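A quick write-up on the structure given underneath.
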Amino acid sequence: MKSNAMKSLAPHALAALAVLAGGLFSPLAQAQQVYRIVGPDGKVTFSDQPPPAATGRVSTANTGSGGGSASTGLPFELRQIASKYPVTLYTSDNCGPCGSARALLTNRGVPFSERTVSTSEDVQALQRLSGDASLPFATIGGQQLKGFSDAEWTQFLNAAGYPQTSTLPASYRRPAATPLVTVSAPTTASAAARPAAAAPVAPTPVAPPQEDNPAGIKF
């Protein structure tokens, strides 16, 4: 009787694993870039498309590591995993669960990039990425993790193939956390389009009046 019940549950367990794996390894964009555009009228818009030249001030949301600096100096196998399923953690100050999430990744030796959410622009970019403003938030490849659960995060890290104990070299240094939205300098195209100021014109010297024309009248 017991064995029959276990057999009947097996397909459901396998289906759950398939859903889990499908969610993690789906071909989603692993590092979407979001542009914050301030128009000439001061209106702020967010877009995943780069703005045309000379449209106003542009900020870039750093939304993923893309296997970049976080995977520099890693052992070969770990570097392969980090490049395929990069981990990005989104945090804020005075966030206890954010610290717990960071500790889990650090203690396990998972290379990750950290993005901080502290300004209204950061919050708007986070809402565009995740659908809400709750923290911590993380991405493992194309999989999104909202809120912190040790068991859930461990499950997804295992599914991605990350080692359960740290294999990081002693010399490894995790990249410093950076703001989610980085404001770039205003575009120079608009400045280049403005006409250059006219060069000052030197005054034409006036000839002194001649003795036979003391009034200086010109004909």
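Of all the C-alpha pairs in the stretch 64-180, what % are more than 21 Å from each other? Counting pairs separated by more than 21 Å, the tail of P(r) holds 31 percent. What number comes out for the charge environment of Ser100, summing +1 per Lys or Arg and -1 per Asp or Glu over other residues with Cβ under 15 Å away? Cβ neighbours under 15 Å give a net charge of -1. Taking the DSSP bridge list for the stretch 64-180 and keeping only pairs wholly inside it, about 55 percent are antiparallel. Taking the fewest neighbouring Cβ atoms within 10 Å as the starting point, the ordered list for Val123, Val181 is Val123, Val181.
FYI, it's all coordinate maths here, none of it is from the lab. Fair warning: this is a prediction, and the values are worked out from it, not measured in the lab. Because the Cβ atoms are built from the backbone with ideal geometry, glycine has one as well, and the counts that use them run over all protein chains shown.
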